[in-house]
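Worksheet for the structure shown next.
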Amino acid sequence: MDSDSESSSHSSEEFYDKDADSRDAEWMSKQHPGNTDAVLACPMCFTQICFVCQRHARYAGQYRAISVVHSI
């Protein structure tokens with residue numbers, strides 16, 4: 001089977017979920033209620049490690065993590 005017929009046999013709609021963003025946002029608001037000033041990620045692998053942060057009162061551009069996930 002060539003690549004053209006193989007790609008046409010799978011509809012792009014099979015892999016698209018128009019409600020995924022809404023469900024993800026609902027899950028995040030249940031897991032981490034309240035507002036956040038930032039979402040922090042690892043600078044090496046970009047894994048999100050903190051969804052609830054506060055802006056540092058004294059130093060502009062710095063944040064502190066309130067709850068950390070994906071950390072050993």
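The values are calculated or read from the model by the stated rules, or taken from the named source; none is laboratory data. Nothing here was measured: the structure is a model prediction, and the numbers come from that model. So basically every Cβ, Gly included, is an ideal-geometry build from the backbone, and we count neighbours across all protein chains shown. Surface accessibility is based on the protein's heavy atoms, side chains included, excluding ligands, DNA and RNA. Shrake-Rupley method; radii C 1.70, N 1.55, O 1.52, S 1.80 Å.
Tabulated data
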{"item": "Considering residues of segment 13-33 that are assigned to a loop (DSSP other than H, G, I, E, B) and either loosely packed, with under 10 Cβ neighbours inside 10 Å or of a type in the set (Gly, Ala, Ser) (or both) only, the residue modelled with the lowest pLDDT", "result": "33"}
{"item": "Looking only at segment 61-71, and only at residues there that are part of a loop (DSSP other than H, G, I, E, B) and under 20 Å from residue 29 (Cα atoms), the one that is most open to solvent (accessible area, probe 1.4 Å)", "result": "70"}
{"item": "Residues that are assigned to a loop (DSSP other than H, G, I, E, B) and open to solvent by 90 Å² or more (accessible area, probe 1.4 Å), drawn from segment 34-60", "result": "35, 43, 44, 46, 57, 58, 59, 60"}
